[in-house]
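Reading through the structure tokens given below for one structure.
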Amino acid sequence: MNQAQAAVSTGVAHPATVSSGISRGASVLLGSLLVAACAHVSIPLLFTPVPVTLQTFAVLLLGLMLGPASAFAALALYLIEGAAGLPVFSPHGAGGLLQILGPTGGYLLSYPFAAALTSLIARRISRSSFSSYAFSAAAGSLLILALGASWFAVVTHQSAGTTLTMTVWPFLPGDALKVCASAAAALAVLKLRNRFRGSSAGLNDRAAP
């Protein structure tokens, strides 16, 4: 009888596991939608095909708020959505696969890895603080710039100096602001979540006999 019960229990998913899976899937989907929304906050520049967008902010924020696997999955889903033709990329581009394979495609392809790297570093640092979050986000931002610039140089056959002038130097001040903004936002969400959990725990304690 015990063996039969064990066999049945192994074949049925635990409710907590199912709930966790649903929550993680929802986070991945909502994360991809957040990046899509931020992509449409876009300002074209005359001297480069790379626009100024809020995408990087969203990528770094997801990296700070989600685990490495979930952060990677959210940005991978975002790329799949864009490749399928959904209007999730910056409007200042060809859209779809053409935008991924174009001069700015390196930035897009770097997003899953940058989000996962940001998340991994943030979780390796035991203390959650603005400085630790900013450091983690800065690492992710540098990876985006490095991969984006490298892809741009290969696709456009530009020299290193021209590539840096068109894809890196003009974006450093704005990226620094996005790093600070993502760190501050993630820390605020973390504090709010902890406060909510603390309030819930207090209510449960008072309700207990």
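Since every read-out is calculated from the coordinates, none of them should be taken as a lab result. Please read these numbers as outputs of a predicted model, since none were measured by experiment. Cβ placement follows ideal geometry from the backbone for every residue including glycine, while neighbour counts extend to all protein chains displayed.
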Protection proxy (average C-beta count within 10 Å per residue), highest first, orders 96-106, 131-141 as 131-141, 96-106
Least to most buried among H40, H157, H92, by other C-beta atoms within 10 Å and fewest first, runs H157, H40, H92
With Rg from the Cα atoms and Rh as the Kirkwood inverse mean 1/r over Cα pairs, the chain has an Rg/Rh of 1.10
Burial-style ranking of 54-61, 163-170, 18-25, average other-beta-carbon count within 10 Å with highest first, yields 54-61, 163-170, 18-25
With +1 at each Lys and Arg Cβ and -1 at each Asp and Glu Cβ, the charge dipole magnitude of the chain around its Cα centre, to the nearest 20 debye, comes out at 680 debye
Per the 1/(1 + (r/R0)^6) rule, R0 = 45 Å and r from the Cβ atoms of S126 and I43, FRET efficiency to 0.05 is 0.75
Ranked by GNM mean-square fluctuation in the chain (Cα springs under 10 Å), the top entry among F89, F47, F152 is F47
A correct Karplus calculation of ³J(HN,Hα) over region 149-161, with 6.51 cos²θ - 1.76 cosθ + 1.60, θ = phi - 60°, whole Hz and x for Gly and Pro, returns 5, 5, 4, 4, 5, 5, 6, 9, 6, 8, 6, 4, x
Label model pair A184, L101: point-to-point distance (7 angstrom along the Cα→beta-carbon line) in nm is 4.2 nm
